[in-house]
1. Just the accessible area per residue of the chain, please: how many Å² with a 1.4 Å probe?
2. Cα-based count: Lys pairs in the chain below 27 Å, eight or more positions apart or different chains?
3. Out of the total accessible area of segment 77-122 (probe 1.4 Å, heavy atoms of protein only), what percent is carbon and sulfur?
4. Using helices alone, I'd like the mean residue ellipticity at 222 nm for the chain: each DSSP H run of four-plus residues gives -39500 (n - 2.57), total over residue count, nearest 500.
5. So how do 215, 95 rank on accessible area, 1.4 Å probe, biggest first, that is with the largest at the start?
6. Using only the alpha carbon atoms of segment 18-176, find the Kirkwood hydrodynamic radius as the inverse mean reciprocal pair distance, in angstroms to one decimal.
7. Quick check: net charge around residue 249, other residues with Cβ under 13 Å of its Cβ, Lys/Arg +1 and Asp/Glu -1?
8. Which whole-number percent of Cα pairs in segment 362-403 have a distance greater than 15 Å?
Amino acid sequence: MSVIPQRLLPDTASVASNGMLSIGGCTIEGLAAEHGTPLFVYDEVHLRHRAREAVEAFGADRVIYATKAFLCGAMARLAHEEGLMLDVATGGELFAVRHAGVPGDRCVLHGNNKSLEELRFAIEEGVRHIVVDSFDEIDKLEQLHREGQPAPRVQVRITPGVHVHTHEFVQTGQDDSKFGFNLRNGDAMRAIERLSRSSAVDLAGVHCHIGSNVFAAENFAKASEVMVDLFNSLDIPELTLGGGLGVAYTSSETAPTITQWANVLKSATSTLRAASLVFVEPGRSIVASAAVTVYRVGTVKHIEGIRTYIAVDGGMSDNPRPVLYGSGYEIFDPLRTHADRTEVARVVGKHCESGDILINDAEVPPHVAVGDLLATPVTGAYGYSMGTNYNKVPRPAIVFVRDGTSRVVVRRETYADLVRLDV
Ligand SMILES: *Cc1c(COP(=O)(O)O)cnc(C)c1O
């Protein structure tokens, strides 16, 4: 039984005395009426605040936004305008970012299985650097060089052997990982030696990424110390200390701010030799709490003695994280934002899966009825980007709100879009 806490809402969220929620000066009721539901509402000021906080904390040209958290043309341009570089993990992400007008030299290419075509594309686009992930990738880079491609600047991805407390699927820094070169078994040094001898690349740095949605700052400190030791023993200028800062999704969670994270990294890297360049790659912590998803209730089913099901007009297609990771979310009525959520219900989507659950035991205000709006906060990361067309449900629209106006940055999918690939 609680009211949705303000700290889970975007920076410009405000609640009128009648309980009506506005973000960026736009009421959620008005946005739903104008743009339909489900709807992703992003607070543009919040996005810019987080980007600026990161640039201020880490320095200009040191922050690389991980686009996989949320990518569309407007987001790529916003990140670029705010001085972030953009991390892409596939040719598709690189294409989308270049299509948005971001210069190639503001992009960084990642990925554990980059194809020859993706590597060629990245070199042709002049990406700032490529993060090399495997011996097979080095073979491919050498092949491209033999074909006449210039030698790209590269960093080498290391798994420092640090276990972090997060969901198994998003741990990436441990020894048993599909990513990067293992430090403990000598692969990392073998890769560094080979890359520094090779004329096919310009080895500039080492990289690590220990996992996503990490809450305990000490985890970053541990991995950073291992990386600093390695870095100090090498004669290369650049070090990247991944992303992965967690965010609070529910009332019971708290997470460090970007500035606090920066302070942990600064003290953990205080022994770094002079004239080194330290990069970070935040994704989630820039975008997650900038957005809410607005749904409309379609059915309410009470099963006496068992539970109440509230079905909304989206589900696992716009937010797969509960199904994929068992992630928790909260939900509230944006027309009575300060209502005590005194009832418990299971909030489900409209897909043909019993597992299509958004929130298992959601606290909801009393008397949620068909036609009501409900909103889930902190859906700005890995929601739209991981979404699908399952059940041929059209993808929602995305609006950016600011100063009382909303602009559609990704239009709602139509039924015609759903068959455009049929031949
Ligand atoms: C996903 C990813 C990030 C961003 O992670 P977040 O948890 O969203 O901050 C950064 N670097 C790499 C290499 C990644 O794969």
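1. Working: 17390 Å² over 423 residues.
That works out to 41 Å² per residue.
2. So the count of such lysine pairs works out to 15.
3. Numbers: 900 of 1740 Å².
Carbon-and-sulfur percentage of accessible area, whole number: 52.
4. Numbers: 12 runs with 114 residues, N = 423.
One gets -8000 deg cm²/dmol as the mean residue ellipticity at 222 nm.
5. Details: 215 65, 95 120 Å².
The ranking, largest first, comes out as 95, 215.
6. Numbers: mean 1/r = 0.0557 Å⁻¹.
Value: 18.0 Å, from the Cα pair sum.
7. +1
8. Values: 548 of 861 pairs.
Pairs farther apart than 15 Å: 64 percent.
The values are calculated or read from the model by the stated rules, or taken from the named source; none is laboratory data. For clarity, every value in this text was computed on a predicted model and none was experimentally measured. A quick note on method: Cβ atoms are made from the backbone with ideal geometry, for glycine too, and the neighbour counts reach across all protein chains shown. Only protein heavy atoms, including side chains, enter the accessible area calculation; ligands, DNA and RNA are left aside. Shrake-Rupley method; radii C 1.70, N 1.55, O 1.52, S 1.80 Å.
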